[in-house]
Amino acid sequence: MLRSDIPKVLFSSIKEDDPYRASKLFQIERWCYANWRLHQKSGQKGRNFLAQVLSNEDCWKKVDNLHGVKLDRQVVGKKLIGQDLNNPFSTDKRYEIACRYCLEEDITALFEERKDKLSAQGKSSLLDYGHLVKTLGGNLLIVFWSHFVSGHISKLNLNGRHPYEYGLECAMSFKQEQAVEFFWNKIKSLPESEMSEQKKDEIFMKTAVYAAGNRCNSYPEIFEFCFSQITPDKYPELLKRDLAENGYYGSLNTLQGALRFDQFQKLFDFLSPNSVSEDDYNIWLDMEIKKHSEPYVNEIVKLFMHMWMKEGFESHRALVIREELEDKFPLFRTVLLTPLVEKDYMEPVWAILDIANCDQIKGFMDSRQAEYIRSVLEKRDVDSLNKFLAYGKSVTEELDRGDLSTHCH
């Protein structure tokens, strides 16, 4: 699944001057990964209809976080099955969509509609379980809902699980965030007599850890939802189980993938320096600033500074500085400094250079990359240029004095 394979009409549905354009395009891309067959198999008419739905303001709700708006997938599902004259989807397709989006009332209505059509044919065998329910397949959510609304849920292999727990597992397997949210809330509202709080907590933690793993890499919105439901007192357990079961901190990688830098910081602050490898720290600092526009760049820089100034991470910072400033390859290019300068965020640049040693600064100032940075600053910002050049002068003076102390300023 590649972004370049997503029909352009789905992205062009968002106006150029939309204040939330960057956020909406990101969320449409994520929606497309979770609904790949829907847009790939719909034809031009179907894609135009999808674009019309995704551009509808009703499908976007205001949220108090970095994204500013959130694609309301339940509303999207509702519009996709609407009896609109433009709706190109067949009744069967609308039933499949209703199941995918867990639109319970609509699933029941469409199932009854199918039942009435079969009944009208006058053959009682058509209303038997074998035809009425078992022939409805295609994905796990269709199978679940067809058994659930027909009263045949016991015919599924539940293995002692509550139907909603089984439904949640189906939603996770099918990578559908809105279905995960639906079943999560259903489980949450079950009375103690049906499911204990301890059992609920275990289901939720298990689901969150799975959502943080690499099987959900393209669907960070699932973990983003799970994490929003977990209270901070459970963060240590989440991190411990995440590392044990996934082999790495998938939760933190996924929050970065969801562009939730605010949530990343909350979780990162629960880690001690000795529980974070230097490589992980280095990777987390590289948030591919070049790829992003505002408001994300500003939040990336804020998170960078928070992580950089955090106590106890001295050896982690030393690795970053070595990677950034010491020329090991002919095609030397900094991962952090150059994009930060290009985006005109100089505070992290000074923070990195401030703790580099003389040899590192000297080697860097003689590099092509420093030359490029000088050329960018010359055109844009004389004060920053002077400050940047001052690091090189300071090194020369220190070396002339024979002072080989760790830092040069």
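Just a yes or no: is a residue in the stretch 238-250 surrounded by 18 or more Cβ atoms within 10 Å (Cβ to Cβ) and under 23 Å from Tyr101 (Cα atoms)?
no
In the stretch 182-198, which residues are free of Cβ contacts under 8 Å to residues at least 60 places away in the same chain and either among the acidic types (Asp, Glu) or assigned to a helix (DSSP H, G or I) (or both)?
Selection gives Trp184, Asn185, Lys186, Ile187, Lys188, Glu192, Glu194, Glu197, Gln198.
Could you count how many residues in the stretch 287-320 are surrounded by fewer than 18 Cβ atoms within 10 Å (Cβ to Cβ) and either part of a helix (DSSP H, G or I) or modelled with pLDDT under 90 (or both)?
Count: 14.
Is one or more of the residues making up the stretch 174-183 modelled with pLDDT of 95 or more, farther than 20 Å from Cys99 by Cα and not aromatic (Phe, Trp, Tyr)?
Scanning the stretch 174-183 turns up no residue that is modelled with pLDDT of 95 or more, farther than 20 Å from Cys99 by Cα and not aromatic (Phe, Trp, Tyr).
Every residue, every condition in (1) in contact (Cβ under 8 Å) with a residue 40 or more places away in the chain; (2) over 24 Å from Arg241 (Cα atoms), yes or no:
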{"residue": "Leu259", "(1), (2)": "yes, no"}
{"residue": "Asp262", "(1), (2)": "yes, no"}
{"residue": "Lys266", "(1), (2)": "no, no"}
{"residue": "Ser272", "(1), (2)": "yes, no"}
{"residue": "Val276", "(1), (2)": "yes, no"}
{"residue": "Ile300", "(1), (2)": "no, yes"}
{"residue": "Leu303", "(1), (2)": "yes, yes"}
{"residue": "Phe313", "(1), (2)": "yes, no"}
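For the stretch 82-121, how many residues meet the condition of being among the hydrophobic types (A, V, I, L, M, F, W, C) and part of a loop (DSSP other than H, G, I, E, B)?
Residues that pass the stated criteria total 4.
Answer yes or no: is there a residue in the stretch 334-344 that is outside any helix (DSSP H, G or I), closer than 27 Å to Ser394 by Cα and polar (S, T, N, Q).
Taking every residue of the stretch 334-344 in turn, at least one turns out to be outside any helix (DSSP H, G or I), closer than 27 Å to Ser394 by Cα and polar (S, T, N, Q).
Return the pair list, or none, for Cβ contacts closer than 7 Å from residues in the stretch 378-396 that are modelled with pLDDT under 85 to residues that are part of a helix (DSSP H, G or I), at least 6 apart or on different chains.
Pairs found: Val395/Cys358; Val395/Ile361; Val395/Lys362; Val395/Met365.
Do we find that Ile352 is over 22 Å from Phe268 (Cβ atoms) and either in a helix (DSSP H, G or I) or free of Cβ contacts under 8 Å to residues at least 24 places away in the same chain (or both) in this structure?
The answer is no for Ile352.
Filter the helices (runs of 4 or more DSSP H) completely within the stretch 1-81 down to those with at least 3 residues that are touching a residue at least 24 places away in the same chain (Cβ under 8 Å) and out of contact with any helix residue (DSSP H, G or I) (no Cβ under 6 Å at 6 or more places or on another chain).
In the stretch 1-81, the matching helices (runs of 4 or more DSSP H) lie at 21-34, 36-40, 43-54.
Residue by residue through the stretch 173-215, note down the ones that are of a type in the set (D, E, K, R) and closer than 20 Å to Gly257 by Cβ.
Once the filter is applied, which keeps residues that are of a type in the set (D, E, K, R) and closer than 20 Å to Gly257 by Cβ, the stretch 173-215 yields Lys175, Glu177, Glu181, Arg215.
Of the residues that sit in the stretch 228-259 and are modelled with pLDDT of 95 or more, more than 17 Å from Pro273 (Cα to Cα) and assigned to a loop (DSSP other than H, G, I, E, B), which one is nearest to the chain's Cα centre (by Cα)?
My answer is Ile230.
The values are calculated or read from the model by the stated rules, or taken from the named source; none is laboratory data. Note that the structure is a prediction, hence the values are computed from the model and not measured. Because the Cβ atoms are built from the backbone with ideal geometry, glycine has one as well, and the counts that use them run over all protein chains shown.
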